[in-house]
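Okay, so here's the structure we're looking at.
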Amino acid sequence: MKTLIKGGTIITASDTYEADLLIADDRIALMGADLPAEDAKVVDATGKMITPGGIDVHTHLELPFFGTVSSDDFYTGQKAAAFGGTTTHIDFVIQAKGESLHQAIENWHKKAGSKSAANYGFHVAITDLTDEVMDEIPSIADEGVTSLKLFMAYKGVFQVDDTTLFKSLMKAAEAGMITMVHAENGDVLDVLIKENVSTGNLATAYHAYSHPAWAEAEATMRAVALAGIAGAPLYVVHMTCEESVDQLRYGRERGLPVMGETCPQYLFFTVDNLCQSDGAKYVCSPPVRVEKDNEYLWNALAAGHLQAVSTDHCPFMYEGTKPIEYEGEQYQMAGKELGQGDFSKIPNGMHGIEDRMLVLWTYGVGKGRISPNKFVELTATNPAKIFGMYPSKGVVAVGADADLVIWDTEATKVISWKNMHTRTDHNVYEGWELIGLPERVYVRGQLLVHGETWNGEPGGGSYVRRSTHAQIV
Ligand SMILES: [Zn+2]
């Protein structure tokens with residue numbers, strides 16, 4: 001099967017140029033001026049923009065958490081992703097206590113395989129690092145899982161101590177793998193959360209007051225320093241504030257192999273949103289901060305102090321007592337209402353897999369905060385490089401996978417949860433106007449999204465095996 005896309009403007013992380021592009025089966029076969037159509041189906045992309053499909057390296061689909069389950073599964077989440085221009089995501093396998101990493105990865109394959117409709121890979125989050133698990137780390141690279149995640153927060157649940165963190169940084173580096181951290185000082189958070197709950201400070205905003213910026217900064221600096229000592233690559237997930245990004249910069253300016261991401265919620269929302277009557281929608285960890293941090297993060301992205309924008313997509317229903325309809329079927333799951341009257345019980349997480357590229361395009365590129373090339377770098381190219389998928393993914397080039405988005409930069413839409421595809425009952429960007437939308441989204445050469453038409457199906461997706469010794473950017 002061949003598709004010839006004619007006359008589009010191709011945007012990569014480094015260049016902007018016009019070219020025709022021939023897709024043969026699942027790859028980009030040819031690029032150049034005035035390519036002949038021959039037996040290919042021709043798509044006219046004159047006046048349109050073509051980018052690599054987005055890559056979201058931080059998602060939690062169908063994750064059991066806070067006594068419920070995140071509301072997107074591998075089908076609905078990937079459908080939502082595709083409508084938002086994202087063709088690949090990496091989900092976090094969470095090791096259960098006492099479980100081997102292989103077993104944990106196997107569980108996630110079972111969960112994803114029959115549902116997935118696009119491209120997906122896995123990180124593994126280690127929660128029980130015994131000697132056997134330590135020895136097992138290098139072997140998971142053979143399964144295409146080349147990144148580990150450790151939590152410096154969630155005391156008594158996921159949190160690891162510094163011995164564990166340091167040893168696994170060394171072990172991962174030896175195997176050519178990268179270590180990711182959730183950087184917040186979990187001991188400090190534990191004290192503050194308990195203190196607020198016991199003194200009756202239960203309002204939603206206390207979620208933020210119990211997760212101060214300096215607790216994130218301290219853990220970030222500690223992780224950066226440990227990575228420096230170990231000579232190990234480090235990737236700090238969901239960075240939210242000036243205090244912590246400054247620590248990352250400190251390490252990078254001294255040549256350490258450390259990188260970081262932020263997520264859209266930290267660019268747009270603040271503790272003021274937590275103070276709203278529907279503040280529970282904005283509860284995620286680390287929390288949304290203050291306006292100066294929104295501004296700081298935009299500048300950090302533009303200046304290259306942060307390397308990627310992911311989502312930490314982990315949606316919950318807002319009113320889980322009421323069912324919604326999704327693809328003609330009823331769906332109901334407990335959600336944010338679990339934390340009514342007590343911030344510490346609100347399921348932590350927000351949607352974003354569909355919204356990420358859309359809001360970054362309109363409110364990032366559209367407002368002059370980042371260039372179109374920077375947009376591609378942050379949402380596709382760097383994620384592919386850092387996590388061992390480049391150059392098959394993250395770039396528009398001959399030989400790369402045909403994961404592509406044709407954008408109509410003049411199309412508009414007003415966001416409502418009802419016209420989005422994430423399986424939940426609200427959208428934190430409700431009422432926001434978008435200018436510039438994906439018109440066609442190809443996943444390995446297949447036209448999955450065409451306007452409002454969805455051609456994907458459960459089980460049609462593909463697992464992405466990632467390579468070791470990925471780039472430091
Ligand atoms: Zn996460």
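The values are calculated or read from the model by the stated rules, or taken from the named source; none is laboratory data. Keep in mind the model is a prediction, meaning the values are calculated, not measured. Methodologically, a virtual Cβ is constructed for each residue, glycine included, from the backbone with ideal geometry; neighbour enumeration extends over all protein chains shown.
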Exercise for the section: Sort out for me the strands (runs of 3 or more DSSP E) sitting completely within segment 1-66 that have 2 or more residues that are among the polar types (S, T, N, Q). Expected result: 2-11
Handout entry: segment 274-291, subset touching a residue at least 40 places away in the same chain (Cβ under 8 Å) and either within 13 Å of the ligand (Cβ to nearest atom) or part of a helix (DSSP H, G or I) (or both), residue nearest to E216 (Cα to Cα)
Key = P286
Practice task
Examine segment 320-334 for a residue that is within 17 Å of P52 (Cα to Cα) and among the aliphatic types (A, V, I, L, M), and state whether such a residue exists.
Solution key: no
Fill in the blank from the handout: Inside segment 307-332, the number of residues satisfying the requirement of being under 30 Å from D246 (Cβ atoms) and within 16 Å of the ligand (Cβ to nearest atom) is 7
Practice task
Go through the residues of segment 414-424 one by one and say whether even a single one is touching a residue at least 60 places away in the same chain (Cβ under 8 Å) and part of a strand (DSSP E or B).
Solution key: no
Practice task
Spot the failing condition for A24; the list is (1) surrounded by 20 or more Cβ atoms within 10 Å (Cβ to Cβ); (2) over 18 Å from the mean Cα position of the chain (by Cα); (3) within 20 Å of V464 (Cα to Cα); (4) not charged (D, E, K, R), and only one is missed.
Solution key: (1)
Handout entry: Selected residue [under 21 Å from the mean Cα position of the chain (by Cα), more than 19 Å from A80 (Cβ to Cβ), at pLDDT 95 or above and not in a strand (DSSP E or B)] from V428, V396
Key = V396
Fill in the blank from the handout: Of the listed residues (L202, L248, L226), the one being in the same structural domain as S70 (by TED's automatic domain parsing), under 21 Å from the mean Cα position of the chain (by Cα) and of a type in the set (A, V, I, L, M) is L248
Handout entry: Pairs where the first residue, in segment 226-238, is on the phi > 0 side of the Ramachandran plot and the second is within 16 Å of the ligand (Cβ to nearest atom) and outside any strand (DSSP E or B), C-beta under 7 Å, 6+ apart
Key = H238/C263; H238/P286; H238/D312
Exercise for the section: Determine if segment 209-221 includes at least one residue that is of a type outside the set (S, T, N, Q), within 16 Å of the ligand (Cβ to nearest atom), touching a residue at least 24 places away in the same chain (Cβ under 8 Å) and farther than 20 Å from D342 by Cα. Expected result: yes
Exercise for the section: Taking the options N373, N294, N382, N299, name whichever one is surrounded by fewer than 16 Cβ atoms within 10 Å (Cβ to Cβ), at pLDDT 95 or above and assigned to a helix (DSSP H, G or I). Expected result: N299
Practice task
Please verify whether segment 92-99 includes one or more residues that are more than 17 Å from the chain's Cα centre (by Cα), within 16 Å of the ligand (Cβ to nearest atom) and on the phi < 0 side of the Ramachandran plot.
Solution key: yes
Exercise for the section: Would you be able to tell me the number of residues in segment 86-114 that are over 23 Å from A384 (Cα atoms) and not in a helix (DSSP H, G or I)? Expected result: 7
Handout entry: Unmet requirement for F66, which otherwise passes all of (1) in contact (Cβ under 8 Å) with a residue 40 or more places away in the chain; (2) surrounded by fewer than 22 Cβ atoms within 10 Å (Cβ to Cβ); (3) more than 16 Å from the ligand (Cβ to nearest atom)
Key = (3)
Practice task
Output the residue which, of all residues in segment 343-359 that are assigned to a helix (DSSP H, G or I) and closer than 14 Å to L267 by Cα, is nearest to the ligand (Cβ to nearest atom).
Solution key: R356
Handout entry: Search result, residues across segment 153-176 that are part of a loop (DSSP other than H, G, I, E, B), out of contact with any strand residue (DSSP E or B) (no Cβ under 6 Å at 6 or more places or on another chain) and not hydroxyl-bearing (S, T, Y)
Key = K155, G156, V157, D161, A175, G176
Completion exercise
Picking from M152, M170, the residue that is in contact with a Leu (Cβ under 9 Å, 6 or more places away or on another chain) and either assigned by TED's automatic domain parsing to the domain that holds L358 or crowded, with 18+ Cβ neighbours inside 10 Å (or both) would be M152
Handout entry: Matching residues, segment 385-429, being under 27 Å from I10 (Cβ atoms), surrounded by fewer than 17 Cβ atoms within 10 Å (Cβ to Cβ) and of a type in the set (A, V, I, L, M)
Key = A397, V398, A411
